[in-house]
Amino acid sequence: MVVAMVAASMASGLRTKAMAELCCYLTVALCAFLIPSFAKLTTIEHPVKPNRSLSFLVVGDWGRKGFYNQSEVAFQMGRIGEKLKIDFVISTGDNFYDNGLTSVYDPAFRDSFTNIYTAKSLQKPWYSVLGNHDYRGNVEAQLNPILRSVDKRWICMRSFVLKTELVDIFFVDTTPFVDKYFTDPEDHTYDWKGVEPRKNYLSSLIKDLKAEMRNSTALWKFAVGHHAIKSLGHHGDTAQLIKFLLPVLKDNNVDVYMNGHDHCLEHITSMNGAMQYLTSGGGSKAWRGDLKPDDDVNHSAKFLYDGQGFMSVEMNENEAMILFYDVEGLILHQWKISKQLRSAV
């Protein structure tokens, strides 16, 4: 029924063969990748390597049709991805500038994604969340499984859980948490279909996150959102996430929170807890030049780079190695997290 409804809405010029291929992709997207869950958040399963390890890249704030060094960052991602034999890529949002996608036929999808990340090593699933710029476009278009008929790597939802034998990764739709997009949107128009009434949406999301995290038996727990909880970049801390999301992460012993939004690379560690805050928002336009001072007595900035780049994670049952790279692929910072002891390398 869903496929029939989608097919009816498409342009009449599509041929039978193309429609058959589309139906096949929809079946894959709606059935093969989605695992039923008692909680409301969609759950996706991804296998680990035969040696029970996992490796992936993290990039955010990238979709600029190759400009602002997006293509250069993509090239280095391909090189590192091949070296690490990555299993997937995580996008921390702001996938398409400046105002998301207009429809499932928007050429920006190919121009900023398919035609940019062409390396063989990057032909793996891209698990993506939405950023505030994505909410300025047609949100449903970016979430629509039809896009998988254009590029089967694309997996984007508001909030969901990626489960592996090593780590459960909780993807969180952070944009609706931020008050200013509702109270002072300036000249921007946001697509809040599926979000309003906002209070109910956020209450349900927090409830579902609590349930999924509480029921998780994974060795590691990571979380991904577009907006930072802690940051010394241009946008800084997100007050609403500190108030509503951070307590949920702490109560459920989440090891790492990864985000974009600030166009920089950043690692902040908690002085009174084990959580690491990692910003990977350097996928294209960067160099704002307005970093904030590190004067929070409860947190310590281990690394801050006001420039373009990305991040990699290699992990097994005992430890996770996190590396940050610049636009030339040079390692800028690395950090090893152990389940017994967390220490710098």
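The values are calculated or read from the model by the stated rules, or taken from the named source; none is laboratory data. As the structure is a prediction and not an experimental result, all values here were calculated from the model. Please note: Cβ atoms are built from the backbone with ideal geometry, for glycine as well, and neighbour counts cover all protein chains shown. Heavy atoms of the whole protein, side chains included, go into the accessibility calculation; ligands, DNA and RNA do not. Shrake-Rupley method; radii C 1.70, N 1.55, O 1.52, S 1.80 Å.
Heavy-atom accessible area for Phe303, with the other protein chains in place and a 1.4 Å probe, reaches approximately 30 Å².
Could you please put Met271, Met157, Met213 in sequence from largest to smallest accessible area, using a 1.4 Å probe? Intermediate results must be reported in sequence, preceding the final value.
Numbers: Met271 120, Met157 35, Met213 0 Å².
If we order Met271, Met157, Met213 from most to least accessible, we get Met271, Met157, Met213.
Checking the table Lys163/Lys292; Lys65/Lys180; Lys40/Lys152; Lys40/Lys336; Lys83/Lys210; Lys163/Lys339 against a 30 Å threshold on Cα-Cα, which pairs fail?
Numbers: Lys163/Lys292 35 Å; Lys65/Lys180 28 Å; Lys40/Lys152 24 Å; Lys40/Lys336 33 Å; Lys83/Lys210 36 Å; Lys163/Lys339 18 Å.
Beyond 30 Å: Lys163/Lys292; Lys40/Lys336; Lys83/Lys210.
Could you work out the local net charge near His261, counting Lys and Arg as +1, Asp and Glu as -1, over the other residues with Cβ closer than 9 Å to its Cβ? Every neighbour counted, the sum reads -3. In sequence order, region 290-297 has phi-based couplings of 9, 6, 8, x, 8, 10, 8, 5 Hz under the Karplus curve 6.51 cos²θ - 1.76 cosθ + 1.60, θ = phi - 60°, and Gly or Pro positions carry x. Note on Lys85: lysines with a C-alpha under 16 Å away, same-chain residues under 8 apart excluded, are Lys49, Lys120, Lys124. Diffusion coefficient of the chain by Stokes-Einstein, Kirkwood radius over Cα pairs, 37 °C, 0.692 mPa s: 162 µm²/s. Listed by chain and number, the aspartates and glutamates placed with their C-alpha closer than 12 angstrom to that of Lys285 are Asp61, Glu72, Asp94, Asp98, Asp262, Asp306; residues fewer than eight positions away on the same chain are left out. Gln70 sits among other residues whose Cβ lies under 10 Å from its own Cβ, and their net charge, with Lys and Arg +1 and Asp and Glu -1, is +1.
List the residues, sorted by chain then number, that are 5 or more residues from Asn95 or on another chain and whose placed amide H is less than 5 Å from its amide H. Residues meeting the criterion, in which the H sits 1.01 Å from N, are Gly131, Asp134.
Between the helical axis of 70-84 and the longest alpha-carbon principal axis of the chain there is an angle of about 70 degrees.
Working from Cα positions, state the angle (0 to 90°, nearest 10) between the long axis of helix 198-215 and the longest principal axis of the chain. Result, in degrees: 70. Full extension of the chain between Lys193 and Lys210 yields a length gain of 3.7 nm, computed as 0.36 nm times the residue separation minus the alpha carbon distance.
Each of Asn253 and Lys40 was given a label point 7 Å from its Cα along the Cα-to-Cβ line. The distance between the two points is 2.8 nm. For the peptides 307-316, 113-122, residues were scored by their other Cβ atoms within 10 Å and the scores averaged per peptide; the highest-first order is 307-316, 113-122. Every helix of 4 or more DSSP H residues in the chain counts as -39500 (n - 2.57), and over all residues that averages to -6500 deg cm²/dmol at 222 nm. In the context of the full set of protein chains, residues of the chain present 44 Å² of accessible surface per residue (probe radius 1.4 Å, heavy atoms only).
Considering only DSSP beta bridges with both partners in the chain, what is the antiparallel share in %, to the nearest 5? Each step should come with its number before you reach the end.
Numbers: 38 of 65 bridges.
Percent antiparallel among DSSP bridges in the chain is about 60.
Under 14 Å from the Cβ of Lys210, count the other residues' Cβ atoms, weight Lys and Arg +1, Asp and Glu -1, and hand me the total. Neighbourhood net charge equals +1.
The Cα-based radius of gyration and maximum Cα-Cα distance (Dmax) for region 252-334 are 13.0, 39 Å. Evaluating 6.51 cos²θ - 1.76 cosθ + 1.60 at θ = phi - 60° for every residue in region 310-319, the Karplus couplings come out as 7, 9, 10, 10, 10, 8, 9, 5, 9, 8 Hz, glycine and proline recorded as x.
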